[in-house]
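Asker: Have a look at this one before I ask anything.
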Amino acid sequence: MKPEYTPYVEELIELAIKEDIGDGDHTSLASIPADAQGRIQLLVKQDGIIAGVEVAEMVFRRLDPEVRFEQKIADGTSVRKGDIAFFVSGRIITLLQAERIVLNIMQRMSGVATQTSYYVERLSGLKTQVIDTRKTTPGMRVLDKMAVRLGGGGNHRIGLFDMILLKDNHIDFAGGITAAVNGVKNYLAARGKELPIEVEVRTLEDIDEALAVGGVDRIMLDNFDVETTRRAVEKIAGRTEIESSGGITFDTLRDYAECGVDFISVGALTHQIKSLDMSLKAVED
């Protein structure tokens, strides 16, 4: 896990515990002796890419630093139905309290990683990298972004704070591409900030304007068809990075990549996924 992600993940875990446990897991507290010890395993029930093992350990240790976590499979590994990702031993009440939180996190993260791996495989042999978007579950973005990377994809910006992306609304409200880019340059200079600048374009003429104003690090081709994308790449190649976005499906992904773009951003990596099936069950210690 990137060190800068840790505070976000820790905060998310705190919220998940508060949401699920509240003032106590009364079912477990009422039926299980406080000092009873047990062991559980994470059983994979569907083929895919596993993600969230590292976060799962954080959840268990947040509830009880004394648990024994035995990792068998690392994040980002291809798994098959029947594989065991890890064992955890400790107080049974702790294991029961962590169960649903861990499964919710790992099933979704593994679903995102698995979905991403399909898109990555689709681009095999090409230079183009598939990247995510901000179309993520509110509050869980850091986990979605981590899962995309574990599936072999790349991350676009994390939020509104770490990259300038002038989209159509920014450009229209600012009075055009030139005005918008110049405004950004002045803003960054006045604050001593250095952020990459990306500009969304809607026509081939927009590309000419974006290149003419200068200072643009990446041009996003918004809802271009394949042929227009090919012509756009001819205009831009070697001058800025090129990203395709909008209306690109799994079936058309490779067609766009073969035009020579550097990145294809796909919202479906994080907002049209199916969670990977898995379970946490008691085993003999």
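Asker: On average, how much area does the Cα convex hull of segment 55-153 cover when viewed from any direction, in nm²?
Answerer: Computed as one quarter of the Cα hull surface, the answer is 7.3 nm².
Asker: Please list, by residue number, every one of the trypsin sites (Lys or Arg not before Pro) in segment 180-259 that is coil in DSSP and has at most 13 other beta-carbon atoms within 10 Å.
Answerer: 193, 239
Asker: Any chance you could give the angle, 0 to 90 degrees and rounded to 10, that helix 141-150 forms with the longest Cα principal axis of the chain?
Answerer: It works out to around 90 degrees.
Asker: Further, regarding this structure: Sorted from largest down, give the three principal axis spans of the alpha carbons of the chain, whole angstrom values.
Answerer: 72, 42, 24 Å, listed from the longest principal axis down.
Asker: Hey, what did segment 65-197 get for relative contact order, percent, Cα under 8 Å, at least 6 apart? Can you show the working numbers first?
Answerer: Numbers: 114 pairs, mean separation 23.5, N = 133.
Relative contact order, segment 65-197: 18 percent.
Asker: If you don't mind, another one. Taking every eigenvalue of the Cα gyration tensor of segment 26-82, multiplying by 5 and rooting it, what semi-axes result, largest first, whole Å?
Answerer: The three semi-axes for segment 26-82 are 27, 14, 10 Å.
Asker: With the full set of protein chains in place, find how many percent of the accessible area of the chain is carbon and sulfur; take the probe as 1.4 Å.
Answerer: Roughly 48 percent, rounded to a whole number.
Asker: Also: Per residue, what accessible area does segment 1-111 have, given a 1.4 Å probe and all protein chains present, in Å²?
Answerer: Spelled out: the 1.4 Å probe surface of segment 1-111, per residue, equals 50 Å².
Asker: Report the relative contact order of the chain, percent, no decimals, based on alpha-carbon pairs under 8 angstrom and at least 6 residues apart.
Answerer: 23
Asker: Normalised by the residues of segment 157-278, what does the relative contact order come to in percent, with Cα pairs under 8 Å and at least six apart? Present the calculation step by step, with values, prior to reporting the outcome.
Answerer: Working: 151 pairs, mean separation 22.5, N = 122.
This gives 18 percent for segment 157-278.
Asker: Here's something else I'd like to know. Sum up the lysine pairs in the chain that clear both bars: alpha-carbon distance under 18 Å and a spacing of 8 or more or different chains.
Answerer: For the chain, the number of qualifying lysine pairs is 15.
Asker: Quick one: give the max-minus-min coordinate of the C-alpha atoms of segment 86-204 along each principal axis, largest first, in Å.
Answerer: 61, 38, 23
Asker: Using only C-alpha atoms and all pairs of different ones, pull out the Kirkwood radius for segment 142-285 in Å with one decimal. Each step should come with its number before you reach the end.
Answerer: Details: mean 1/r = 0.0588 Å⁻¹.
Computed over segment 142-285, the radius equals 17.0 Å.
The values are calculated or read from the model by the stated rules, or taken from the named source; none is laboratory data. As the structure is a computational prediction, the values presented were derived from the model and not from experiment. Glycine gets a Cβ as well: all are built from the backbone with ideal geometry, and neighbour counts include every protein chain shown. For accessibility, only protein heavy atoms count, side chains too; no ligands or nucleic acids. Shrake-Rupley method; radii C 1.70, N 1.55, O 1.52, S 1.80 Å.
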